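A short worksheet on the structure shown next.
The values are calculated or read from the model by the stated rules, or taken from the named source; none is laboratory data. This is a predicted model, so every value here is computed, not measured. Cβ placement follows ideal geometry from the backbone for every residue including glycine, while neighbour counts extend to all protein chains displayed.
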Amino acid sequence: MFRLSIVSFFVIILAFIFYGDKFSIGKDNDKIFSKNSVVEGVFDESNNKKSIVSKYSFPVAIYKPTKKPEATKLSVSNAHASVILDVDSGTLLHYENGEQKRQIASLTKLMTAVLVVEKIKNLDKEVVTIDADAVYQEGTKIGCPRSGYCISNRLKIGEKISAKSLLMAMLMNSANDSAVALAKHIAGSEKDFVKMMNEKAKEMGLKNTNFCTPSGLEIDGHEEECYSSAYDVARIAVYSMRYKIIWDIFKTPGTKIYSIDGKYSHKIFNTDRLLDEMPNCLGTKTGFTPLAGKSLMLAAIDKSGKHRVVAVVLDDPYRWRDAKNMIEWAFESYLWK
């Protein structure tokens, strides 16, 4: 009987070693990596909600953020929604209305960029032919960084240009024509590309996201069907960090891109106001439509060069100031152990 108990004990121990992730969800489980495993994080200290984050978007963390006892509580009163997410552990350092469904405008282009990089093997050599749908897109376009304000040639119908040049214009200058041209090149139509975007969102476990266009422009009469959340946007930004080219582009200052034959040149500049002001800034992505308001994704790294965080504000008229303050608060308020 005693021997049986000892055997049973060791059987139980072995079961927990090999199958422990099946029995419970907790902080120790994120040592076990699988596509369907989870990691614990913090949503909102006021009600102790917990986040269950898919490991599909996060690597196994070496360090985890721990809040300092003297840290103050952060409130981003100008934003309708805001989050700060630790890149490597998936821990939420700040959360206000993080899962609220809202229009996100050109923050959508983060997902478009992810699919472009995943679907096109050689961005430099892949040639995209520009059609009328791209040329006549509303809002920001190549050569025209703001509606009614043009600084160089616009894209021409029939122009051939590299996928990388279009990706640069889309991420740096938030060009809507670039997003449409890339989407149609990859999927054949905007509709089919949007289907790919939503399939990717589902695959990543984004529960509060539904894309309508590759550019982020809402569809007239169907605006309520175009949405994401601050938390989901942060998740997409973190996921995109596995692709160095996306973040290299975010750090690129103004430049020129050219058609394949060299006939046309297009000036593009970077909308990142913090590029020169904030040395630890890894990159930003802006978003604006009248319905979405002014939104921003900002990623930064701490002084040690080891710990990265992503801040997202949605519908915030003071987005640049607030996002920068959020980053500073995060690195002042947390230690990584």
Members of the stretch 184-237 that are crowded, with 17+ Cβ neighbours inside 10 Å, over 30 Å from Ser89 (Cα atoms) and out of contact with any Ser or Thr (no Cβ under 9 Å at 6 or more places or on another chain): Lys184, Ile186, Ala187
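Within the group Ser189, Ser165, which residue is under 25 Å from Lys263 (Cβ atoms), touching a helix residue (DSSP H, G or I) at 6+ places or on another chain (Cβ under 9 Å) and polar (S, T, N, Q)?
Ser165
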Filter pass, Leu93 being among the aliphatic types (A, V, I, L, M), buried (at least 21 other Cβ atoms within 10 Å of the Cβ), over 18 Å from Met196 (Cβ atoms) and in contact with a Phe, Trp or Tyr (Cβ under 7 Å, 6 or more places away or on another chain): yes
Complete set of residues in the stretch 124-149 that are surrounded by fewer than 19 Cβ atoms within 10 Å (Cβ to Cβ), touching a residue at least 60 places away in the same chain (Cβ under 8 Å), in a loop (DSSP other than H, G, I, E, B) and not charged (D, E, K, R): Gly139
In the stretch 316-335, residue nearest to the chain's Cα centre (by Cα) [restricted to those that are outside any helix (DSSP H, G or I) and of a type in the set (Ser, Thr, Tyr)]: Tyr318
Residue tally, condition closer than 13 Å to Asp232 by Cβ, among the charged types (D, E, K, R) and outside any loop (DSSP other than H, G, I, E, B), over the stretch 70-109: 1
Contacts under 6 angstrom Cβ, first residue in the stretch 321-337 being farther than 15 Å from Pro69 by Cβ, partner surrounded by fewer than 20 Cβ atoms within 10 Å (Cβ to Cβ), 6 or more apart: Asp322/Asn78; Trp329/Leu74; Phe331/Asp302; Trp336/Tyr63
Filter result (farther than 19 Å from Asn97 by Cβ and without any contact (Cβ under 8 Å) to a residue 60 or more places away in the chain) within the stretch 297-320: Ala300, Ile301, Asp302, Lys303, Ser304, Gly305, Trp320
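Considering only residues that are assigned to a strand (DSSP E or B) and surrounded by fewer than 14 Cβ atoms within 10 Å (Cβ to Cβ), which ones fall in the stretch 259-287? Reasoning before the result, please.
Of all residues in the stretch 259-287, those assigned to a strand (DSSP E or B) come to 259, 265-268, 281-287.
Matches in the stretch 259-287: Ser265 only.
Each row is one residue, and each column tells you yes or no for (1) closer than 14 Å to Val127 by Cβ; (2) polar (S, T, N, Q); (3) part of a helix (DSSP H, G or I).
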{"site": "Ser152", "(1), (2), (3)": "no, yes, no"}
{"site": "Gly158", "(1), (2), (3)": "yes, no, no"}
{"site": "Leu167", "(1), (2), (3)": "yes, no, yes"}
{"site": "Ala179", "(1), (2), (3)": "no, no, yes"}
{"site": "Ala183", "(1), (2), (3)": "no, no, yes"}
{"site": "Ile186", "(1), (2), (3)": "yes, no, yes"}
{"site": "Met197", "(1), (2), (3)": "no, no, yes"}
{"site": "Ala201", "(1), (2), (3)": "no, no, yes"}
Subset of the stretch 95-114 (residues that are more than 12 Å from the chain's Cα centre (by Cα) and under 11 Å from Ala230 (Cα atoms)): Tyr95, Glu96, Asn97, Gly98, Glu99, Gln100, Lys101, Arg102, Gln103
The stretch 204-250, residues that are over 24 Å from Gly293 (Cα atoms) and either in contact with an Asp or Glu (Cβ under 6 Å, 6 or more places away or on another chain) or not in a loop (DSSP other than H, G, I, E, B) (or both): Tyr239, Lys244, Ile245, Ile246, Trp247, Asp248, Ile249
Any hit, the stretch 219-236, residues being under 23 Å from Lys141 (Cβ atoms) and in contact with a His (Cβ under 9 Å, 6 or more places away or on another chain): no
So Ser34, is it of a type outside the set (A, V, I, L, M, F, W, C) and modelled with pLDDT under 90: yes
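So which of Gln137, Gln103 ends up being in contact with a strand residue (DSSP E or B) (Cβ under 8 Å, 6 or more places away or on another chain) and polar (S, T, N, Q)? Walk me through it before giving the result.
Working: Gln137 fails: in contact with a strand residue (DSSP E or B) (Cβ under 8 Å, 6 or more places away or on another chain).
Unique residue meeting the criteria: Gln103.
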